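Scroll down for the structure; my scribbles are underneath it.
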Amino acid sequence: MDIGFIGLGNMGLPIVCRLMAAGHRVVVFDTRAAVVDDAVARGAESAESAADVAHRVATVMASLPTPLASGDVADAVAGGSAIRRFVDFSTVGSPTAQRNSALLAQSGIAALDSPVSGGVHGAEAGTLAVMVSGPRADFDECTPAFDAIGRTTYIGAKPGAAQTMKLVNNLIAASSLAVTAEAVAMGVKAGLDAQTMIDVLNAGSGGTHASRDKFPRAVLPRTFDYGFATGLMVKDVRLYLDEARALGIPTQMADAVAQLWERTLAAEGPDSDFTSVVKPIEAAAGVVIEARES
Ligand code: NAD
């Protein structure tokens, strides 16, 4: 396929690499010139702007940090002469996906909201979970591209449905990382070894993606480099709360989890890695969660 791709960050660049490795031609744009140069060095073609991408290819994809950026890019591609569909991998919440879908429909452009889960490592390995909502025919047309990046589930035709699915996923991921951090800190304070605790959790019923992947990769070695920013995790928790409150459903667990994430944002900053969520807990507990010396 000929594909345009806007947003070459932690997720976008490895996704573009997977698309090119599968034989697709990719025309890229990002507001940061350095990442465009990086993509071009790996075989992509560069465009001058998001609008330029939309003048050159029918299928334009994006991986952007915020609902605002996603809306700006949708506005920019809407006037493109070649674009026929916009595939947004960003996590932006269903109101933004619905707004973009309605806006693009005015120009005859189909919108697929296609958030992903699996992190930078999943993007590099082509093992992302991709959830898609929008017109079925456009979803089918994009199958060769989706197949290059992971396992795709068609959620339904309703714009924004895949965003809702993604927010459910991320609230659970945010919660399990937070509760694992708090509980492991308790064990360390009581004198248990952090590595031993993670090993036992992973053999038992307390194991989650947090203990199987995030702790061993980025917390126990104290590298805090998993590849997802605290600011983006907080964005997702806020989007979940907005959507849950609009539906009038209980948010007791989400409210408690959100408090810890907001505290992490204030203490560690938006650009810190989201595995830094352990740090405010460690500071309050007077412990450090780290692997024993080998
Ligand atoms: P990132 O901040 O690393 O990358 C975003 C990129 O978009 C940057 O290169 C930035 O320069 C570019 N950009 C911003 N505004 C732009 C604009 N108007 N035009 C063109 N380029 C623009 O973010 P990321 O970690 O790659 O995440 C991207 C999206 O994927 C987010 O919505 C995030 O929530 C979601 N996501 C991230 C992960 C992860 O592990 N990092 C996992 C799943 C989903």
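The values are calculated or read from the model by the stated rules, or taken from the named source; none is laboratory data. All values reported here derive from a predicted model rather than from experimental measurement. Counting neighbours? That spans all protein chains shown, and the Cβs are built from the backbone with ideal geometry, glycine included. Note: areas computed on protein heavy atoms with side chains; ligands, DNA, RNA excluded. Shrake-Rupley method; radii C 1.70, N 1.55, O 1.52, S 1.80 Å.
Brief remarks follow.
- Looking only at residues of the range 54-72 that are surrounded by 20 or more Cβ atoms within 10 Å (Cβ to Cβ) and of a type in the set (S, T, N, Q), we find that the one that is farthest from the chain's Cα centre (by Cα) is T59.
- Looking across the range 23-39 at every residue that is within 6 Å of the ligand (Cβ to nearest atom) and open to solvent by less than 30 Å² (accessible area, probe 1.4 Å), the one that is farthest from D72 (Cα to Cα) is identified as V35.
- Filtered residue count, the range 73-100, keeping only those that are among the charged types (D, E, K, R), crowded, with 20+ Cβ neighbours inside 10 Å and more than 10 Å from the ligand (Cβ to nearest atom): 1
- Looking at the range 194-294, the helices (runs of 4 or more DSSP H) lying wholly inside it that each contain 2 or more residues that are within 16 Å of the ligand (Cβ to nearest atom) sit at 230-247, 252-268.
- The set of residues from the range 105-142 being within 23 Å of G23 (Cβ to Cβ), open to solvent by less than 50 Å² (accessible area, probe 1.4 Å) and more than 16 Å from the ligand (Cβ to nearest atom) comprises D138, F139, C142.
- Residue match in the range 208-218 (condition: open to solvent by less than 60 Å² (accessible area, probe 1.4 Å), outside the structural domain of A62 (by TED's automatic domain parsing) and aromatic (F, W, Y)): yes
- Each residue in the range 1-22 was checked for being open to solvent by 30 Å² or more (accessible area, probe 1.4 Å) and in contact with a Pro (Cβ under 9 Å, 6 or more places away or on another chain), and 2 of them qualify.
- Screening T152 with (1) surrounded by 15 or more Cβ atoms within 10 Å (Cβ to Cβ); (2) within 30 Å of L19 (Cβ to Cβ); (3) not assigned by TED's automatic domain parsing to the domain that holds A123 gives one miss only, at (3).
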